[in-house]
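See below for the structure under consideration.
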Amino acid sequence: MKTPICSFDAKTGILCTKCESKLKSGHLTPGDIEASMKLTKLAEENNTIDKFTLNGAYKIDQDLVMVLPSSDISIIRSDENLMKKIQKEFNNHVWFIENGATEKRFIENLLYPTKIYSLNLIWLPDGNKLTKIVISENKSKNKPSEEKLKKIAHKLKDIELLIDYIKK
Ligand SMILES: [Zn+2]
């Protein structure tokens, strides 16, 4: 597996001086380190995860947002057991974003598996913009709160989300 920190560090849970200084300078985030260590632990017992590339990760409150190549995310989403394994290790608080995602893809990744019916930019008179999306109502118990979706979009991509619902 490829991770933003050295594989030795990810295995042992101790940062080398090089990674330590990258953390201090902000080239690595606490999320990078936590996600690298947790995924590496899973990779030791799982050949599929061992082939993954973790491009980076961000910690937002209790949640970890992981950035991986879209091919790795497709594998995770098509394999329920693999998804469960990862969610268990991360206590369910995990998100997957495709590496290099455009704003639109980023929002689709964030809301997955919820379908987005429309996405429009709204320019405010003060020059700020809002990104308005229309989605169907997600009735599942485990759905993320609107507040959390907005917070992640804001912190990671500086997107101000406005969410509207259509009734099925
Ligand atoms: Zn290192």
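The values are calculated or read from the model by the stated rules, or taken from the named source; none is laboratory data. Quantities reported herein were computed from a predicted structural model and do not represent experimental measurements. FYI the Cβ positions are ideal-geometry reconstructions off the backbone, even for glycines, and counts take in every protein chain you see.
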*asked:* Kindly evaluate C6 against the criterion of being surrounded by fewer than 21 Cβ atoms within 10 Å (Cβ to Cβ) and within 21 Å of the chain's Cα centre (by Cα).
replied: yes
_Failed item, numbered, when L121 is tested on (1) within 20 Å of the chain's Cα centre (by Cα); (2) not in a helix (DSSP H, G or I)_ = (1)
*Residue within segment 37-51 that is hydroxyl-bearing (S, T, Y), more than 10 Å from the ligand (Cβ to nearest atom), closer than 29 Å to N81 by Cβ and not in a helix (DSSP H, G or I) present*: no
*Scan segment 107-119 and give yes if some residue there is surrounded by fewer than 19 Cβ atoms within 10 Å (Cβ to Cβ), of a type in the set (F, W, Y) and away from the ligand (no atom under 16 Å from the Cβ), otherwise no.*
yes
_Show the residue pairs meeting these rules: Cβ distance below 6 Å; 6+ apart or different chains; first residue within segment 28-44 and among the charged types (D, E, K, R); second residue part of a helix (DSSP H, G or I)._
K38/E89
*asked:* For segment 65-83, check the following and say yes or no: at least one residue is under 22 Å from K155 (Cβ atoms) and either in contact (Cβ under 8 Å) with a residue 40 or more places away in the chain or more than 13 Å from the chain's Cα centre (by Cα) (or both).
replied: yes
*Which of (1) assigned by TED's automatic domain parsing to the domain that holds V134; (2) within 11 Å of the chain's Cα centre (by Cα) does A57 not meet, given it meets every other one?*
(1)
*asked:* On the basis of being closer than 30 Å to L130 by Cα and of a type in the set (S, T, N, Q), does S74 make the cut?
replied: yes
*Considering T29, T40, which residue is closer than 30 Å to L130 by Cβ and buried (at least 16 other Cβ atoms within 10 Å of the Cβ)?*
T29
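Rundown of residues vs (1) in a helix (DSSP H, G or I); (2) within 16 Å of the ligand (Cβ to nearest atom), yes/no style:
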{"position": "F8", "(1), (2)": "yes, yes"}
{"position": "L15", "(1), (2)": "no, yes"}
{"position": "S21", "(1), (2)": "yes, yes"}
{"position": "K24", "(1), (2)": "yes, yes"}
{"position": "L28", "(1), (2)": "no, yes"}
{"position": "D32", "(1), (2)": "yes, yes"}
{"position": "Y58", "(1), (2)": "no, no"}
{"position": "M66", "(1), (2)": "no, no"}
*asked:* Quick check on my filter: what residues within segment 129-168 are part of a strand (DSSP E or B) and of a type in the set (A, V, I, L, M)?
replied: L130, I133, V134, I135, L161, L162, I163, I166
